[in-house]
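The structure under discussion appears below in the form of structure tokens.
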Amino acid sequence: MTDVIKAIILGIIEGLTEFLPVSSTGHLILAGDLLSFEGDAAITFKIVIQLGAVMAVLILYWKRYLEIGVNMIRMDFSKSKGLNVIHMILAMLPALTLYLLFKDTIKSQLFGPTPVLIGLVVGGVLMIIAARNRRTETADTIDGINYKQAFGIGLFQCLALWPGFSRSGSTISGGLLLGTSQKAAADFTFLISVPVMFGASLLDLYDSRDLLSSDDLLLMLIGFATSFLVAMIAVVTFIKLIKRLRLEWFALYRFVLAALFYLIVIQ
């Protein structure tokens, strides 16, 4: 199998899993292990192609980003107008700070099948706990999320630095435990995913600039384009799905995937 075909397969997997609380990074790492697509360049590839799927969110929520941008330029951060740039900064700051401090350790120690399987299982347990112990809702929509909840969701997003936990799974679980509806937490997760992944991808590309060849960049472009196109097709359906299905169903899928991969590949 050629690297181009592998890039397309991984791009499809990324586009299909980015918007579900099943860990797209975890799926990419497990698939990369099966396809023998590993190494420093492969790790960077898996991070960068996530940006392709995330860009679909930018298109879907462009009006909201435009509104936030206009209010930021006007220095208008009134809580009465709902979500603003301060909410997003509070939610992004914890994970971005930890990533900057520990990105080398994360890439060298956690980008492997065994850590992913652990993340899938522990993240699934967190989702079940959140679904069954959710607080009384104080934020039914994204505009009802307060600064404290935004920062709290950002702290939960730090768990997603461990591949297998899932960014949406961690943040939606955090939202439920902090008093937001599942719909509000999902919308907020998708909104903050664009700047978080954009920044992480650019930083990783810069750090890996001396390790990448023109062939690697071509594969990244192919994977990026594939994940973007697949995500554009899947995004509306999957976003509706994540807002309606209870988290336990996604947790069950994570447990089954972890068990099958362990029994068939690792053991």
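The values are calculated or read from the model by the stated rules, or taken from the named source; none is laboratory data. Here the structure is a predicted model, which means the values were calculated and not measured. As a convention, Cβ positions derive from the backbone with ideal geometry for all residues, glycine included, and neighbour counts pool all protein chains shown. Note: areas computed on protein heavy atoms with side chains; ligands, DNA, RNA excluded. Shrake-Rupley method; radii C 1.70, N 1.55, O 1.52, S 1.80 Å.
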Gain in span if fully extended, Ile264 to Arg132, counting 0.36 nm per residue against the direct Cα distance:
44.4 nm
For the chain: accessible area per residue (Å², 1.4 Å)
46 Å²
With no solvent term and unit scatterers on the alpha-carbon positions of region 11-55, Debye gives log₁₀ I(q)/I(0) at q = 0.14, 0.22, 0.27 Å⁻¹ of -0.27, -0.67, -0.97
Residue with peak Gaussian network fluctuation, the chain [Cα springs, cutoff 10 Å], from Asp215, Asp187, Asp33:
Asp215
Which order do Met75, Met232 take by accessible area at a 1.4 Å probe, largest first?
Met75, Met232
Let's test this: bin the Cα-Cα distances of region 66-169 at 10 Å from zero up to the farthest pair and state each bin's percent.
14, 35, 31, 17, 3
Using Cα atoms only, what is the angle between the long axis of helix 62-73 and the major principal axis of the chain, expressed in degrees (0 to 90) to the nearest 10?
60 degrees
Share of accessible surface on carbon and sulfur in the chain, whole %, 1.4 Å probe and ligands ignored, is 68 percent
Where Cα atoms sit under 22 Å apart: lysine pairs in region 28-109 separated by 8 or more or lying on different chains
4
Once you've got the GNM for the chain with C-alpha springs shorter than 10 Å, pick whichever of Val70, Val121, Val235 has the biggest mean-square fluctuation.
Val70
Rounding to the nearest 10 and keeping the result within 0 to 90°, find how far the Cα-based axis of helix 24-34 lies from the longest principal axis of the chain.
10 degrees
Mean Cβ count within 10 Å, highest first, over the residues of peptides 171-183, 2-14
171-183, 2-14
What aspartates and glutamates sit close enough to Lys6 to cross-link, taking a C-alpha to C-alpha distance under 13 Å and skipping anything fewer than 8 places away on the same chain?
Glu14, Asp33, Glu38, Asp216
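Write down the Kirkwood hydrodynamic radius of the chain, to one decimal in angstroms, obtained as one divided by the mean of 1/r over all alpha carbon pairs.
Values: mean 1/r = 0.0540 Å⁻¹.
One over the average 1/r among Cα pairs gives 18.5 Å for the chain.
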Efficiency of FRET between Leu217 and Lys63 - r from beta-carbon atoms, R0 25 angstrom, step 0.05:
0.15
Roughly how tilted is helix 214-244, in degrees to the nearest 10 and between 0 and 90, from the longest Cα axis of the chain?
40 degrees
